[in-house]
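K.L.:
My questions all concern the structure below.
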Amino acid sequence: MASTALKVLSRASKKLIKPSSPTPLTQKWHKFSLIEQAQTHTYVPFGYFYSKDQLGPLSNQPTQISKLLENSLSKNLVSYYPYAGQMKDNAAIDCNDKGVEFLNVHIDAPMSQVLNHRDCNVKDVIFPPGVAWENDSDYGLAVIQLTHFDCGGIAVSTCLSHKIGDACNGLQFAIDWATLNRDPNAKTTPPYYISDTIFPSPPSGPLVSPVVPSILDGCTQKRYVFTSSKVSALRSSVATESQVENPTPTEVLSAFLFKCVAKAVTANTGSFVPSKLIQYADLRQMISPKLPPNSVGNVLSHFSTHISNEADMNLPQIVSLMRKEKQLFRTRDNIKENAWALEILELAEGLAPQKKEFDEYTCSSVCKFPFYDVDFGWGKPMATTIATGPYNKLFNLMNYRDDGIEAFVMLDEKDMSVFERDEEFLEFASPYANYF
């Protein structure tokens with residue numbers, strides 16, 4: 001979609017950026033955990049926009065901007081060395097300092113045309129084509145793109161392999177890189193690599209190949225913004241009509257999206273299907289001993305909210321059930337009883353997947369993550385984003401500057417055509433909120 005809407009003038013360069021100092025032989029190998037062995041080589045794709053005014057005199061010096069970012073990236077890779085390596089097999093990375101791919105792209109359009117376009121897929125021009133969310137890309141373990149707009153603004157995108165880490169790592173990588181770009185002599189805290197220490201390989205040995213493929217099923221994405229006042233209104237309504245104390249923004253918005261999307265699906269199918277909302281959770285602060293925020297790995301599990309009857313598909317009931325499931329989840333041993341790891345082991349043993357009794361929806365929220373702290377020396381980004389994808393009935397939640405939360409909703413076109421006209425949903429969500 002994006003490539004037909006905007007013309008890519010030139011790809012000024014594509015080069016490999018290596019760590020500024022060699023990786024010690026003691027760190028030669030990075031082992032994958034069970035969860036990472038199960039995943040295909042997909043990427044965690046985030047993007048950050050900076051205006052011409054923020055860049056100042058640098059806005060007219062694209063080559064200088066690129067050199068600054070390349071140098072600071074090289075310094076950052078000393079700590080994030082696995083991303084500069086090569087996959088040996090499905091069990092480990094050879095941390096051989098091959099380098100990270102760095103692309104320069106020039107776009108024949110102002111930044112405002114990309115950010116404020118009604119088709120939110122247009123923003124994907126800031127990501128390398130054929131990389132974000134793809135299975136087994138030909139690119140390396142990290143791909144960086146610097147995009148120059150004809151207005152003088154830029155975007156920096158990072159696509160980091162999900163085989164190494166999760167969204168938390170993707171953000172911390174960018175924060176540390178930005179810190180070194182502001183001050184080349186800054187001291188950043190080296191990340192702690194979890195590797196296979198928490199979720200080791202099965203007793204029979206590492207998985208020969210991934211067992212959980214990424215499903216790219218050709219859906220469409222729409223972007224909606226919930227202003228702070230609308231989020232507060234929803235939270236107040238849920239608190240009044242349920243027994244839930246202080247419902248969080250993520251709880252009410254994920255439940256609201258679940259309810260409205262399921263209503264659209266029901267309208268198209270003609271009957272209600274029992275449904276569940278799957279939500280992933282970061283375990284770093286839940287397990288004992290707790291892990292530092294900059295620990296690298298996929299330290300995740302998930303819990304689900306089940307709705308069996310259409311009468312229960314209302315906001316207070318969904319949030320009430322969600323809160324109960326979350327509390328149960330927090331009391332569970334999420335290492336020994338990790339739902340995701342147990343599913344992977346069943347697939348690895350060749351057991352047939354259990355018959356799905358519920359239609360599945362997924363919500364991933366990064367609202368607690370400080371994406372607007374990625375300051376390369378030009379101030380906070382004027383906008384942050386995530387690439388389109390990767391599958392149907394997915395809701396991604398991110399903070400919208402200082403005024404609310406934006407939701408990126410993935411649906412097939414038939415369901416989206418009903419969902420985007422839902423008057424109850426549009427009472428709280430704006431489909432065309434501009435960044436500036």
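K.L.:
So which residues in the range 421-432 are modelled with pLDDT of 95 or more and not aliphatic (A, V, I, L, M)? Write out each step before concluding.
P.N.:
Of all residues in the range 421-432, those modelled with pLDDT of 95 or more come to 421-429.
Within the range 421-432, 421, 422, 423, 424, 425, 427, 428 qualify.
K.L.:
May I pose another question? If residue 358 satisfies every condition in (1) modelled with pLDDT under 95; (2) in contact with a Cys (Cβ under 9 Å, 6 or more places away or on another chain); (3) of a type in the set (Phe, Trp, Tyr) but one, which is the exception?
P.N.:
Failed condition: (2).
K.L.:
In contact with a strand residue (DSSP E or B) (Cβ under 6 Å, 6 or more places away or on another chain), closer than 25 Å to residue 46 by Cβ and at pLDDT below 95, is that true of residue 295? Break it down stepwise before answering.
P.N.:
On the way: in contact with a strand residue (DSSP E or B) (Cβ under 6 Å, 6 or more places away or on another chain): yes; closer than 25 Å to residue 46 by Cβ: yes; at pLDDT below 95: no.
In short, no.
K.L.:
While we're here: Among the residues of the range 154-169, which ones are within 18 Å of residue 124 (Cβ to Cβ), outside any helix (DSSP H, G or I) and aliphatic (A, V, I, L, M)?
P.N.:
Result: 154, 155, 156, 160.
K.L.:
Out of the residues in the range 365-381 meeting the condition of being crowded, with 20+ Cβ neighbours inside 10 Å and not aromatic (Phe, Trp, Tyr), tell me which one is farthest from residue 221 (Cα to Cα).
P.N.:
374
K.L.:
Can you tell me how many residues in the range 389-421 are open to solvent by 30 Å² or more (accessible area, probe 1.4 Å) and under 19 Å from the mean Cα position of the chain (by Cα)?
P.N.:
Total satisfying the criteria: 4.
K.L.:
Return the residue satisfying two criteria in turn: it lies in the range 19-61 and is under 28 Å from residue 385 (Cβ atoms) and among the charged types (D, E, K, R), and of such residues it is least open to solvent (accessible area, probe 1.4 Å).
P.N.:
Of everything passing the filter in the range 19-61, 36 is least open to solvent (accessible area, probe 1.4 Å).
K.L.:
Name the residues in the range 84-131 that are of a type in the set (Lys, Arg) and within 22 Å of the chain's Cα centre (by Cα), would you? Talk me through it step by step, then tell me what you get.
P.N.:
We begin by selecting, within the range 84-131, every residue of a type in the set (Lys, Arg); these are 88, 98, 118, 123.
Selection gives 118, 123.
K.L.:
From the set of residues in the range 1-18 that are surrounded by 15 or more Cβ atoms within 10 Å (Cβ to Cβ) and modelled with pLDDT of 95 or more, which is farthest from residue 93 (Cα to Cα)?
P.N.:
So, considering only residues that are surrounded by 15 or more Cβ atoms within 10 Å (Cβ to Cβ) and modelled with pLDDT of 95 or more, the one farthest from residue 93 (Cα to Cα) is 17.
K.L.:
Still on this structure, please answer the following. Determine the pairs where a residue that is polar (S, T, N, Q), located within the range 203-216, has a partner that is at pLDDT below 90 and in a loop (DSSP other than H, G, I, E, B) with Cβ atoms under 6 Å apart, the partner being 6 or more residues away or on another chain.
P.N.:
Between residues of the range 203-216 that are polar (S, T, N, Q) and residues that are at pLDDT below 90 and in a loop (DSSP other than H, G, I, E, B), the close pairs are 214/40; 214/42; 214/135; 214/390.
K.L.:
Applying the selection to the range 72-91, what residues are in contact with an Asp or Glu (Cβ under 9 Å, 6 or more places away or on another chain) and aliphatic (A, V, I, L, M)?
P.N.:
Residues satisfying the conditions are 77, 84, 87, 91.
K.L.:
Can you name the condition, by its number, that residue 280 falls short on among (1) touching a strand residue (DSSP E or B) at 6+ places or on another chain (Cβ under 6 Å); (2) among the hydroxyl-bearing types (Ser, Thr, Tyr); (3) open to solvent by less than 50 Å² (accessible area, probe 1.4 Å)?
P.N.:
Single failed check for residue 280: (3).
The values are calculated or read from the model by the stated rules, or taken from the named source; none is laboratory data. These numbers were taken from a predicted model, which means no experiment stands behind them. Note: ideal-geometry Cβ built from the backbone for every residue, glycine included; neighbour counts use all protein chains shown. Just the protein is used for accessible areas: all its heavy atoms, side chains included, with ligands, DNA and RNA removed. Shrake-Rupley method; radii C 1.70, N 1.55, O 1.52, S 1.80 Å.
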